[in-house]
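Colleague: Here it is, the structure, as structure tokens.
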Amino acid sequence: MNALTQRQNNFLKALLTTSTVEEASQQANITRKTAYKYLNDPDFKEAYRDARRDAMQQVTTTLQVTSVKAVQTLASVLDDTEATPSAKVQASRSVLEFAYRAIELDDITARLEELESTITD
């Protein structure tokens, strides 16, 4: 992969912090036409994809850390003698729903790994 130019790097950073290509091109001080030229460049596409993946990994890590607090909060609602029955039902429903999804995800992951191993063998 070729290194990006300074202008491409500026546009890439702007893309990650704005909601539209127009805003990113303005922030990076390039024309809209140049922005779309960059977006069609294979090296830029790869760098953009990598940057987005890195950003999502950071988000995922934050979610994983925060999820412990979320589960503790749900558990405290279940244990709270002053919580309304409605709040307890909602907390219970959430805990069960997430537990079910986690098992489902584990099952899907195992099936995918099995399929991948048969393909590569």
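Colleague: Inside the range 1-16, can you point out the residues that are at pLDDT 95 or above and surrounded by fewer than 11 Cβ atoms within 10 Å (Cβ to Cβ)?
Modeller: The one that is at pLDDT 95 or above and surrounded by fewer than 11 Cβ atoms within 10 Å (Cβ to Cβ): GLN6.
Colleague: If THR81 passes every condition in (1) open to solvent by less than 100 Å² (accessible area, probe 1.4 Å); (2) over 30 Å from ARG7 (Cα atoms); (3) among the polar types (S, T, N, Q) but one, which one does it miss?
Modeller: (1)
Colleague: Taking only pairs six or more apart or across chains, which ones have beta-carbon atoms under 9 Å, a first residue in the range 87-108 that is closer than 15 Å to SER76 by Cβ and modelled with pLDDT under 90, and a second residue that is open to solvent by 80 Å² or more (accessible area, probe 1.4 Å) and not β-branched (Val, Ile, Thr)?
Modeller: Within 9 Å, no pair qualifies.
Colleague: Ok, one more. Tally the residues that are in contact (Cβ under 8 Å) with a residue 40 or more places away in the chain and farther than 20 Å from ASP54 by Cβ, restricting the search to the range 1-33.
Modeller: Total meeting the criteria: 0.
Colleague: Residues GLU46, GLU23: which one is over 13 Å from PHE11 (Cα atoms), open to solvent by 50 Å² or more (accessible area, probe 1.4 Å), modelled with pLDDT of 95 or more and in a helix (DSSP H, G or I)?
Modeller: Answer to the selection: GLU46.
Colleague: Here is a follow-up. Any chance you could count how many residues in the range 49-67 are open to solvent by less than 80 Å² (accessible area, probe 1.4 Å) and under 26 Å from LEU96 (Cα atoms)?
Modeller: Residues meeting the conditions: 5.
Colleague: Can you pull out every residue in the range 80-121 that is closer than 28 Å to LYS69 by Cβ, in a helix (DSSP H, G or I) and of a type in the set (Gly, Ala, Ser)?
Modeller: SER86, ALA87, ALA91, SER92, SER94, ALA99, ALA102
The values are calculated or read from the model by the stated rules, or taken from the named source; none is laboratory data. All figures in this text were calculated on a predicted structure; none of them were measured in a lab. Glycine also receives a Cβ, built like all others from the backbone with ideal geometry; neighbour counts cover every protein chain displayed. Surface accessibility is based on the protein's heavy atoms, side chains included, excluding ligands, DNA and RNA. Shrake-Rupley method; radii C 1.70, N 1.55, O 1.52, S 1.80 Å.
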